[in-house]
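Have a look at the structure below, then the notes.
Nothing in this text is a laboratory measurement; each read-out follows from the coordinates by a stated rule. Keep in mind it's a predicted model, so treat the numbers as computed, not measured. Please note: Cβ atoms are built from the backbone with ideal geometry, for glycine as well, and neighbour counts cover all protein chains shown.
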Amino acid sequence: MIRPAIRALLLALLLLAAGPALAVQPDEVLDDAALEARARTLSAEVRCLVCQNQSIDDSNAELARDLRLLVRERLIAGDSDQEVLDFLVARYGPFVLLEPPKTESTLILWYGPAALLGLGAIVVIVTLARRRKAATPTPLTPEERMRLDALLDEEDDTGRPA
């Protein structure tokens, strides 16, 4: 039997997990299923300007609701998906998109992590190669070899120097 406290905790967790699913209110849903599907797809690409790490499709903020309604209004007016996104970018700037556009100013965002990873791999390879080279003994010169042989000849039968 589940204790009442655990049952209440599970219920609270279930309600918290369902929160984003309740972001789009029933009064926002369009009658045309095709337009509603397009609206949901577009809403998933647009950042909530209040929450910033959520799409307007997932956010319960009032501004997110306003943006969802705006997206639906533009679709009803006959705008294409790209025209809706262009309208939002013109009004709120490129930050409104969850995926930043690939422009000269954002190239470091897109390719910087891969470049840093490649640079790190090169540093590791070079460091390991240097260590391996430093760990490899260099052969003795003829003079060193003769001196070593002379020292070894001086040892007695016990293996100790004489």
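List of remarks:
- Degrees, to the nearest 10: 81-92 long Cα axis against longest axis of the chain: 80 degrees
- Here the label points at Asp66 and Val29, each 7 Å from Cα along the C-beta direction, are separated by 2.6 nm in the simple model.
- If the segment from Ala37 to Met146 were pulled out straight at 0.36 nm per residue, it would be longer than the present Cα-Cα gap by 30.6 nm.
- In this Cβ point-charge picture (+1 for Lys and Arg, -1 for Asp and Glu), the range 46-97 has a dipole of about 120 debye about its Cα centre.
- For the range 75-162, the list of GluC sites (Glu not before Pro) that fall in a loop by DSSP and count at most 13 other C-beta atoms within 10 angstrom reads Glu154.
- Short-range pairs are left out: with C-alpha atoms under 8 Å and at least six residues apart, the relative contact order of the chain is 15 percent.
- Judged by the mean number of other Cβ atoms found within 10 Å, the most tightly packed of the peptides 42-51, 57-66 leads the ranking 42-51, 57-66.
- Interchain or long-range residues, amide H under 5 Å from Ser55's placed H: Cys48
- Mean projection area, nm², convex hull over Cα of the chain: 25.7 nm²
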